[in-house]
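Everything on this sheet refers to the single structure shown next.
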Amino acid sequence: MQTAILNTDSTPNLKLVIELAKKLGIKARILTDEEFEEIGLANAIKKGATGEYVETKSFVKGLRK
């Protein structure tokens, strides 16, 4: 499976691309702002996950810098 994310300020153009995709037999839909944020957060978590133990106090101290 391949996935593409398109981002535009033009609602009519986005609707046109969605319509074209559906005519070509490609599943397509518009994500809500919340869904888009959740994808970004999940991606950030995956990139940040090292599997190493981190001491809470030192982590919080690092955030406060």
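Assorted remarks:
- Residue within the range 22-29 that is loosely packed, with under 10 Cβ neighbours inside 10 Å and of a type in the set (A, V, I, L, M, F, W, C) present: yes
- The residues of the range 42-65 that are farther than 27 Å from ALA4 by Cα and open to solvent by 100 Å² or more (accessible area, probe 1.4 Å), listed by number, are GLU52, TYR53, GLU55, LYS57, PHE59, LYS61, LEU63, ARG64, LYS65.
- Condition check for ILE39: in a loop (DSSP other than H, G, I, E, B), open to solvent by 70 Å² or more (accessible area, probe 1.4 Å) and either of a type in the set (Phe, Trp, Tyr) or at pLDDT 90 or above (or both): no
Residue by residue, here is whether (1) at pLDDT below 90; (2) out of contact with any Cys (no Cβ under 9 Å at 6 or more places or on another chain); (3) not acidic (Asp, Glu) holds:
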site: THR11; (1), (2), (3): no, yes, yes
site: ALA21; (1), (2), (3): no, yes, yes
site: ILE26; (1), (2), (3): no, yes, yes
site: GLU52; (1), (2), (3): yes, yes, no
site: GLU55; (1), (2), (3): yes, yes, no
site: GLY62; (1), (2), (3): yes, yes, yes
site: LYS65; (1), (2), (3): yes, yes, yes
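- GLU19 vs. criteria over 17 Å from the mean Cα position of the chain (by Cα) and open to solvent by 90 Å² or more (accessible area, probe 1.4 Å): yes
- If you go through the range 22-39 and keep only what is within 10 Å of the chain's Cα centre (by Cα) and within 18 Å of GLN2 (Cα to Cα), you end up with LEU31, PHE36, ILE39.
- Condition broken by PRO12, with the remaining ones in (1) outside any loop (DSSP other than H, G, I, E, B); (2) within 18 Å of the chain's Cα centre (by Cα); (3) loosely packed, with under 10 Cβ neighbours inside 10 Å satisfied: (2)
The values are calculated or read from the model by the stated rules, or taken from the named source; none is laboratory data. Keep in mind it's a predicted model, so treat the numbers as computed, not measured. Note that each Cβ is placed from the backbone with ideal geometry, even for glycine, and that neighbours are counted across all protein chains shown. These area figures cover heavy atoms from the full protein model, side chains too; ligands, DNA and RNA do not enter into them. Shrake-Rupley method; radii C 1.70, N 1.55, O 1.52, S 1.80 Å.
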